[in-house]
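J.: Structure incoming, see below.
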Amino acid sequence: MTTQIAKTYFSEELLAWYRRGNRDLPWRKNRDPYRIWVSEIMLQQTRVDTVIPYFERFMASFPTVQALAEAPEEEVLKCWEGLGYYSRARNLQAGAKMVMELYNGIIPDNKDAVAGLKGVGPYTAGAIMSIAFNRPEPAVDGNVMRVLSRYFCLEDDIAKPKTRIGIEKLAASLIPEGAAGDFNQALMELGALVCTPKSPSCLPCPVMEHCEARLAGRESELPIKTKAKPPRPEYRLSVIVEGSGEHAGKVLVRRRPDTGLLAQMWELPHMLLEDVKDGWEQAGIPKESGALAESVTRMLEGETGLLVRPTGWFTDADHVFSHIHWYMRVYTADLGEVYTAFQDWSAAAESREQYETAERAEYRWIGREEMDKLPFPNLFIRILREYWRGASHDE
DNA sequence: CAATCGTGGGC
DNA sequence: TGCCCAAGATT
């Protein structure tokens, strides 16, 4: 049974521990709600050390809600490049526009209003309300669920959405009067530095005296969390098309669709090999043969109307997302003579009677410099860096 | 509820 | 290496 004594002890000792000393993080410089908001979005599923340089750059580029609201979307994505979960960036900007239109550019000191912003869920709403406005709202993230599961010996699966609801009520009941911001941050700070997922450091823990998991010797088996499914493999063919004439020194890239995986990011053209599921060997075709390369150049011809001619294998690269594992085989290619006379894609495509008005991807020729302007997923940054590193040595 | 949505670091 | 993990939201 959870005693009031154990709860009061926990709240007071944890708050005192935090106030005795905590990390000097850039978003703790002041309580500007915009800074708190941006930091909380960046910190979703992302480590503090990773976020810090992104946060500094982002705040330098978009210092205010208005600056963010008025920025070109692609610039915001570029600033987010490499941080992952890119819908966070697009939702954050959508939220900034809401604040401009609905609240005159001022982030409201109101839980329902904040929770109504794009990209702001239960955790982030609680974090903003407590840290920026010191309102007594719980902010339950993975740290908090782990810390409280151990301290109170809770055996609910923290991977289940329902579990968070229960822990929110508990967390709310622990908030000391007038200290919501510091207390919520203390909970997360403890989870990040002391009550860590693997081998928690119980001896320096400020609340270990009444930690039920520790007292039962069960701190390493809590919290209970079901494993995520492993990412499914996808074998893909990609191609670096080398331009000629006015596009000499450039390669062909395209922009991804507005929704879904890596939405609106730029990438090398590629296609899924639907019948390969157990490795490249299963395809039964060596990478040096032209057969695989031709299937991706044919796809590209259909999409662009260009005549694309494979020239060789470039590299194999793989990339793991949360739910998909991409195995990418990358070829090089150049342009045949027939269609290069056309000035634009639609004219070229129309000439082949393949023009469709609906959903044609946007293609563009870019050089090394343009890569620094457009947002690319990590995988293609790696491939293109390698490509241009080699290309610069040739000339 | 379960799936979708990135990336880098630690062991 | 392979696996787990990290200040979650959306559908």
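J.: Somewhere in segment A:214-224, is a residue over 16 Å from A:R146 (Cβ atoms), in contact (Cβ under 8 Å) with a residue 60 or more places away in the chain and not in a loop (DSSP other than H, G, I, E, B)?
T.: Scanning segment A:214-224 turns up no residue that is over 16 Å from A:R146 (Cβ atoms), in contact (Cβ under 8 Å) with a residue 60 or more places away in the chain and not in a loop (DSSP other than H, G, I, E, B).
J.: Would you pick out the residues in segment A:92-106 that are within 24 Å of the chain's Cα centre (by Cα) and either among the β-branched types (V, I, T) or open to solvent by 20 Å² or more (accessible area, probe 1.4 Å) (or both)?
T.: A:A94, A:K97, A:M98, A:V99, listed by residue number.
J.: If you take the residues in segment A:250-264 that are among the aliphatic types (A, V, I, L, M) and within 16 Å of DNA strand C (Cβ to nearest atom), which one is most open to solvent (accessible area, probe 1.4 Å)?
T.: A:L261
J.: So if I check each of A:E234, A:E219, which one is open to solvent by less than 60 Å² (accessible area, probe 1.4 Å) and touching a Leu at 6+ places or on another chain (Cβ under 8 Å)?
T.: Answer to the check: A:E234.
J.: Of the numbered conditions (1) at pLDDT 95 or above; (2) among the aliphatic types (A, V, I, L, M); (3) out of contact with any strand residue (DSSP E or B) (no Cβ under 6 Å at 6 or more places or on another chain), A:V308 fails exactly one; give the number of that condition.
T.: Just one mismatch for A:V308, condition (3).
J.: Looking at segment A:235-268 only, could you name the residues that are more than 24 Å from A:Y85 (Cβ to Cβ) and in a loop (DSSP other than H, G, I, E, B)?
T.: Matches in segment A:235-268: A:G243, A:S244, A:A248, A:G249, A:K250.
J.: Just the residues that are under 21 Å from A:P161 (Cβ atoms) and not in a loop (DSSP other than H, G, I, E, B), please, taken from segment A:98-124.
T.: Within segment A:98-124, A:K111, A:D112, A:V114, A:A115, A:P122, A:Y123, A:T124 qualify.
J.: While we're looking at this one, here's another question. Which one of these is in the same structural domain as A:G336 (by TED's automatic domain parsing) and open to solvent by less than 20 Å² (accessible area, probe 1.4 Å): A:V194, A:V207, A:V239?
T.: A:V239
J.: Given the conditions (1) free of Cβ contacts under 8 Å to residues at least 12 places away in the same chain; (2) not in a loop (DSSP other than H, G, I, E, B), report the number of the one that A:L292 does not fulfil.
T.: (1)
J.: Shifting gears a bit: Of all the residues that make up segment A:8-20, how many are open to solvent by 20 Å² or more (accessible area, probe 1.4 Å) and either of a type in the set (V, I, T) or within 14 Å of DNA strand C (Cβ to nearest atom) (or both)?
T.: Looking only at that region, the number is 1.
J.: Give me the pairs: first residue in segment A:315-336 and assigned by TED's automatic domain parsing to the domain that holds A:A283, second residue among the charged types (D, E, K, R) and not in a strand (DSSP E or B), beta-carbon distance under 8 Å, and six or more apart or on different chains, which are they?
T.: A:T315/A:E386; A:D316/A:K287; A:A317/A:R382; A:H323/A:K229; A:R329/A:K287
J.: Another one. Exactly one of (1) open to solvent by 30 Å² or more (accessible area, probe 1.4 Å); (2) free of Cβ contacts under 8 Å to residues at least 24 places away in the same chain is unmet by A:A71. Its number?
T.: (1)
J.: Identify, from the list A:A89, A:A60, A:A127, A:A132, the residue that is assigned to a helix (DSSP H, G or I) and either surrounded by fewer than 21 Cβ atoms within 10 Å (Cβ to Cβ) or without any contact (Cβ under 8 Å) to a residue 12 or more places away in the chain (or both).
T.: Going through A:A89, A:A60, A:A127, A:A132 in turn, the sole match is A:A60.
J.: Which is touching a Phe, Trp or Tyr at 6+ places or on another chain (Cβ under 7 Å), aliphatic (A, V, I, L, M) and modelled with pLDDT of 95 or more, of A:V120, A:V99, A:V140?
T.: Of the residues listed, the single one that is touching a Phe, Trp or Tyr at 6+ places or on another chain (Cβ under 7 Å), aliphatic (A, V, I, L, M) and modelled with pLDDT of 95 or more is A:V140.
J.: Same structure, new question: Taking segment A:135-177 as the search range and keeping residues that are under 28 Å from the mean Cα position of the chain (by Cα) and among the β-branched types (V, I, T), which one is surrounded by the fewest Cβ atoms within 10 Å (Cβ to Cβ)?
T.: A:I165
The values are calculated or read from the model by the stated rules, or taken from the named source; none is laboratory data. Keep in mind the model is a prediction, meaning the values are calculated, not measured. Using ideal geometry, Cβ is built from the backbone for each residue, glycine included, and neighbour counts are taken over all protein chains shown. Areas reflect the complete protein model, heavy atoms only, side chains present, ligands, DNA and RNA absent. Shrake-Rupley method; radii C 1.70, N 1.55, O 1.52, S 1.80 Å.
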